[in-house]
Amino acid sequence: MTNHYLRNAVPDHIAGVISACEGIQNNLVLLNGPIGCKTYYTFSGVDSLIRRSNLWTLGDELRLEDAMDDRLLRSQFCIGSPRIPATNLRYSDYIFGTAEQLHRALNDLFSERSYDLFTVIQTPGTSLLGEALEPELDAISKEFGIPHLFIESPGLSENSMIGYDEATVRLMELLCDKPCTNKKASKIPSINLFGFDAHEKFPEGGLKEITKLLKLCGISVHVAAGMNCPITDFRTIAQADANIILCPERCKKTAEYLRSHFPIPVYETGGMPIGFDLTEEFVRGISSLLGTNCEPALDYIEESRSRAFYFIAHNMGNKGFPKDLRYAAEGEPSVLRGYVDYLSGYLGIKPKVIHPLYLQCHTENLIQEKLHELHCEDALEQDIASVNNVILLAGANTIVELNTYSDNIFGIETANPGSGYIHVIPKTYIGCTGALYLLEQILNGTKLLRAWN
C-alpha cells in the first residue's frame, strides 16, 4: 500500500547537509543556484541554538553599527536574510558557467565578515551542469586563506538524516587531525558526542542534560558535533577517549568512519536516552566503557524517579493513568524506541499508533523490537491520521493536521517544525530532565482529554 505523501514527507538531503555544515561555528554555507533555491532552506529550517556572532557586540549598549547592515540584507545573495545565501544564478550563468558569479558572491560575503570555513552546495540545477568548480574553489581558498568544502552532487532523493551523515564524514575528512600515537593521558576521561542537530527540537537542553549526566560520572564532553562546534575543537576529535553515537539514523557512515580512522572505541547507544530506564542504561554503559564511577549519576536518576512518582501518585491516585488512555507517536525509529520504552514500559500507557519516519536509514528494527517486547506490534499497522482520543507526540504539522480530523487530541511537540511557541528556557526530552518534562505534559494532557468517563 502506498503511504499518504504528506504524512511521510521529511526534509531532503540538502537540508541535512546544510544542518551538518552549520554545526561548525563560523562556517559560511552558500548555495550555488538561483535565489529561489535559498528561500525554502532559509525560512523552513529552525535553528534551535543561540549563536554568538562577531557582527554584534554586547557591551554597555548594543552598538548597531557593528551589526550586519542593510546593504548585505538587500544584496542579491541574501535577499532579506543573511542565513544560507545563494549565488543568485541567472539565465546566462547556465550557459557560460557559474564560476564567475560564485566568485563574485564569495568576494561580497567575505568583505562583510571573517570565516573559518566556507561550504558550497550545488543545487539540483547546477549539479546537472557538471562544471569542474574545484580549481576555482581551490583558488578562492588560497586567495582568502580559508579552507572549503564542496558538495557537488547532493542525494536529491534521500532524506536529511543521510545528508547530515554524509556531510559529517566529509567535514571530518577535511578538518580532523590525524590521530596522535603518543596522546597524553588525562585525569578526566573525555568523549565526543555524535547525533545532535542544531535544527532538531531542544538540542541545547539535550546537550546540557547529557553533559550533566556524564559529569556526574566523571566524564567530560570534548566535542559535540553539530552543535555550533568551533573548528579548532572539531579538528581534535582524535584526542578524546571514546566516540558516542546518539542517533543511528544520523550517524551510520559517521560511526563507520570513526571506527576506521581513529584508534578509540565507538559506543552506539541505539538512540537518545529518553526515560529513566534508557538513561540509566546510558550512564552505566559509558561508565563501564571508560572505567568511571556512575553512582552519583544513578543517585540523580533515582531522585528524579522519586519526583515523578510523587506527581503521578498525587494526580492519578493509586490506580495510575486511566486504563483506556492511549498515545500516538511519529518520528525516527530510534527516538520512537525511547518514547515507547518510557510511556509504555515505565508509565504503563499503551500505544495506539506508532508511525516511523526516515525509513531510508534502515533502523526500523529498533522500534519493531521494542514493540514486540511489549506485545504491541499492531501499533505499527495503524494510520496515524485516523486516531482520536490520544496524546499525540509529533511535529506541529502532524498535530495540526490530525486536529482537523479528530476532536479529542492533546498534542506534544517532540519535533520540528514547531507551532511558533517561543521557548526561552532550554528544554529537552532527554535524560531525567526530559522524562520529567514529558511527564508534566502527559499529566496535563490526561486532564484535558475526554477519553474516559
Looking at region 251-309, which of its residues are among the charged types (D, E, K, R) and closer than 19 Å to Ala224 by Cα?
Lys252, Lys253, Glu256, Arg259, Glu268
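Matching residues to (1) among the aromatic types (Phe, Trp, Tyr); (2) part of a loop (DSSP other than H, G, I, E, B); (3) at pLDDT below 75; (4) closer than 26 Å to Arg170 by Cα:
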{"residue": "Ser19", "(1), (2), (3), (4)": "no, no, no, yes"}
{"residue": "Lys38", "(1), (2), (3), (4)": "no, no, no, yes"}
{"residue": "Asp47", "(1), (2), (3), (4)": "no, yes, yes, yes"}
{"residue": "Gly80", "(1), (2), (3), (4)": "no, yes, yes, no"}
Quick one: which residue in Pro333, Pro351 is buried (at least 20 other Cβ atoms within 10 Å of the Cβ), more than 21 Å from Thr446 (Cβ to Cβ) and within 27 Å of the chain's Cα centre (by Cα)?
Pro333
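Conditions tested, residue by residue: (1) more than 22 Å from Lys201 (Cα to Cα); (2) modelled with pLDDT under 90.
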residue	(1), (2)
Asp341	no, no
Val353	no, no
Gln360	no, yes
Ile367	no, no
Lys370	yes, no
Asp378	yes, no
Ile391	no, no
Gly395	no, yes
Asn403	no, yes
Pick from Ile391, Ile422: which is of a type in the set (A, V, I, L, M, F, W, C), within 28 Å of Ile301 (Cα to Cα), outside any helix (DSSP H, G or I) and assigned by TED's automatic domain parsing to the domain that holds Gln441?
Ile391
Check Tyr437, Tyr342, Tyr346, Tyr421 and return the single one that is crowded, with 21+ Cβ neighbours inside 10 Å and closer than 30 Å to His314 by Cβ.
Tyr342
Going through Phe321, Phe410 one at a time, which residue ends up being modelled with pLDDT under 90, over 29 Å from His13 (Cβ atoms), outside the structural domain of Tyr41 (by TED's automatic domain parsing) and not β-branched (Val, Ile, Thr)?
Phe321
Quick one: would you say Ile399 is of a type in the set (A, V, I, L, M) and modelled with pLDDT of 90 or more?
no
Does Ala86 count as at pLDDT 80 or above, touching a helix residue (DSSP H, G or I) at 6+ places or on another chain (Cβ under 7 Å) and more than 28 Å from Ala385 (Cα to Cα)?
yes
When Val400 is run through (1) outside any loop (DSSP other than H, G, I, E, B); (2) surrounded by 15 or more Cβ atoms within 10 Å (Cβ to Cβ); (3) among the β-branched types (Val, Ile, Thr), the failure sits at (2)
Extreme residue, farthest from Gln25 (Cα to Cα), among residues of region 130-146 that are aliphatic (A, V, I, L, M) and surrounded by fewer than 16 Cβ atoms within 10 Å (Cβ to Cβ)
Ala132
So, Ser220, is that one of a type in the set (S, T, N, Q), in contact with a Pro (Cβ under 8 Å, 6 or more places away or on another chain) and surrounded by fewer than 19 Cβ atoms within 10 Å (Cβ to Cβ) or not?
yes
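Listed here are the residues, each with its yes/no results for (1) in contact with a helix residue (DSSP H, G or I) (Cβ under 6 Å, 6 or more places away or on another chain); (2) over 17 Å from Tyr342 (Cβ atoms); (3) of a type in the set (Ser, Thr, Tyr).
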| site | (1), (2), (3) |
| --- | --- |
| Asn365 | no, yes, no |
| Leu371 | yes, no, no |
| Gln382 | no, yes, no |
| Tyr421 | no, yes, yes |
Asn408 vs. criteria without any contact (Cβ under 8 Å) to a residue 60 or more places away in the chain and either farther than 20 Å from Glu280 by Cα or surrounded by fewer than 20 Cβ atoms within 10 Å (Cβ to Cβ) (or both)
yes
Please go through region 370-382 and pick out each residue that is surrounded by fewer than 20 Cβ atoms within 10 Å (Cβ to Cβ), of a type outside the set (A, V, I, L, M, F, W, C) and either in contact with a Lys or Arg (Cβ under 8 Å, 6 or more places away or on another chain) or outside the structural domain of Tyr342 (by TED's automatic domain parsing) (or both).
Gln382
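Residues checked against (1) in contact with a Ser or Thr (Cβ under 6 Å, 6 or more places away or on another chain); (2) among the basic types (Lys, Arg); (3) within 25 Å of Thr232 (Cα to Cα):
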residue	(1), (2), (3)
Arg90	no, yes, no
Tyr94	no, no, no
Arg104	no, yes, no
Thr119	no, no, yes
Asp138	no, no, yes
Glu143	no, no, yes
Asn159	no, no, no
Residue pairs meeting the criteria (Cβ under 8 Å; at least 6 apart or on separate chains; first in contact (Cβ under 8 Å) with a residue 12 or more places away in the chain, in region 149-160; second crowded, with 22+ Cβ neighbours inside 10 Å and of a type in the set (Phe, Trp, Tyr)):
Leu149/Phe118; Asn159/Tyr358
Give me a count of the residues in region 10-34 that are under 16 Å from Ile162 (Cα atoms), β-branched (Val, Ile, Thr) and in contact with a Pro (Cβ under 9 Å, 6 or more places away or on another chain).
2
Please enumerate the residues belonging to region 254-285 that are of a type in the set (A, V, I, L, M), surrounded by fewer than 21 Cβ atoms within 10 Å (Cβ to Cβ) and under 18 Å from Ala167 (Cα atoms).
Ala255
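The values are calculated or read from the model by the stated rules, or taken from the named source; none is laboratory data. What you are looking at is a predicted structure, and each value in this text was computed from that prediction instead of being measured. All Cβ positions, even for glycine, are placed from backbone atoms using ideal geometry, and neighbour counts span all protein chains on display.
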